[in-house]
Amino acid sequence: MLDERSRLPTIIKNVIVLVLGVLIAVSLYHYLETKFDNPQPFFVIYDDTMAPTLNVNDLIFIGDGQMFNTTKVGDLIVFNKPAGEDRIIVHRITEITLENSKRIIITKGDATPVSIPGIDFPVDSKNYIGKVKLVIPEIGLLLVPPISYILLAAIISVIAMVIFFYGRKKAPQT
């Protein structure tokens, strides 16, 4: 049970490695939140309304979550659907207006001919999530079910096999 090299039981080593792995993953997510100034630092594109600029399964990183007033026509932004707020949308700003001294953004998907009321506008500061800062094409495919489940199971299996084979002691030779 004791590893002769360090005197720590192998199971304790494995738990320490697992805890460190979780801490690294949480730290990476927190770093992305801080780096992109947004509590929701990334999304996967699920439809083709922004084609050819953004395609299905592209991974986008979102920044400037508190910078609603600095947006300009042409920016790609992420926002909650204005009517019902039940969907997150990524579209391009086509117009910015003032209504009762309040900034209102009108957007449109690159693949759609016109803006759609209740979906593309009126976007205000409470609906705004942030600007698209970085796009990684097709990598989002790894983050959507069922592929994400298969990938997670494969990673866990590989880690378990490494721990199992690394932890096995060689039989003493006589």
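The values are calculated or read from the model by the stated rules, or taken from the named source; none is laboratory data. Nothing here was measured: the structure is a model prediction, and the numbers come from that model. In this analysis, Cβ positions are derived from the backbone assuming ideal geometry, glycine residues included, and neighbour counts consider all displayed protein chains.
Of the numbered conditions (1) assigned to a strand (DSSP E or B); (2) under 13 Å from residue 119 (Cβ atoms), residue 82 satisfies every one except a single condition; which is it?
(1)
Please work out which residue is nearest to residue 60 (Cα to Cα), limiting yourself to segment 140-151 and to residues that are at pLDDT 80 or above and surrounded by 11 or more Cβ atoms within 10 Å (Cβ to Cβ).
Here the answer is 140.
Which of the residues belonging to segment 37-77 are outside any loop (DSSP other than H, G, I, E, B), without any contact (Cβ under 8 Å) to a residue 60 or more places away in the chain and over 10 Å from residue 90 (Cα atoms)?
Across segment 37-77, the qualifying residues are 42, 69, 70.
Return the pairs, sorted by first residue and then second, in which the second residue is acidic (Asp, Glu), the first residue lies in segment 106-118 and is in contact (Cβ under 8 Å) with a residue 12 or more places away in the chain, the beta carbons are less than 8 Å apart, and the residues are 6+ apart or on different chains.
106/95; 106/120; 107/120; 108/120; 109/120; 111/48
Has segment 164-171 got at least one residue that is modelled with pLDDT of 85 or more and either assigned to a helix (DSSP H, G or I) or out of contact with any strand residue (DSSP E or B) (no Cβ under 7 Å at 6 or more places or on another chain) (or both)?
Checked segment 164-171: no residue is modelled with pLDDT of 85 or more and either assigned to a helix (DSSP H, G or I) or out of contact with any strand residue (DSSP E or B) (no Cβ under 7 Å at 6 or more places or on another chain) (or both).
Residues that are acidic (Asp, Glu) and assigned by TED's automatic domain parsing to the domain that holds residue 130: does segment 3-19 have at least one?
Checking segment 3-19: not a single residue is acidic (Asp, Glu) and assigned by TED's automatic domain parsing to the domain that holds residue 130.
Might you let me know whether segment 86-104 holds any residue that is part of a strand (DSSP E or B), touching a residue at least 24 places away in the same chain (Cβ under 8 Å), in contact with a helix residue (DSSP H, G or I) (Cβ under 8 Å, 6 or more places away or on another chain) and among the basic types (Lys, Arg)?
Scanning segment 86-104 turns up at least one residue that is part of a strand (DSSP E or B), touching a residue at least 24 places away in the same chain (Cβ under 8 Å), in contact with a helix residue (DSSP H, G or I) (Cβ under 8 Å, 6 or more places away or on another chain) and among the basic types (Lys, Arg).
Restricting attention to segment 86-114, and to residues there that are surrounded by fewer than 16 Cβ atoms within 10 Å (Cβ to Cβ) and either touching a Leu at 6+ places or on another chain (Cβ under 6 Å) or among the small types (Gly, Ala, Ser) (or both), which single residue is modelled with the highest pLDDT?
111
Among the candidates 98, 76, single out the residue that is touching a His at 6+ places or on another chain (Cβ under 8 Å) and among the hydrophobic types (A, V, I, L, M, F, W, C).
76
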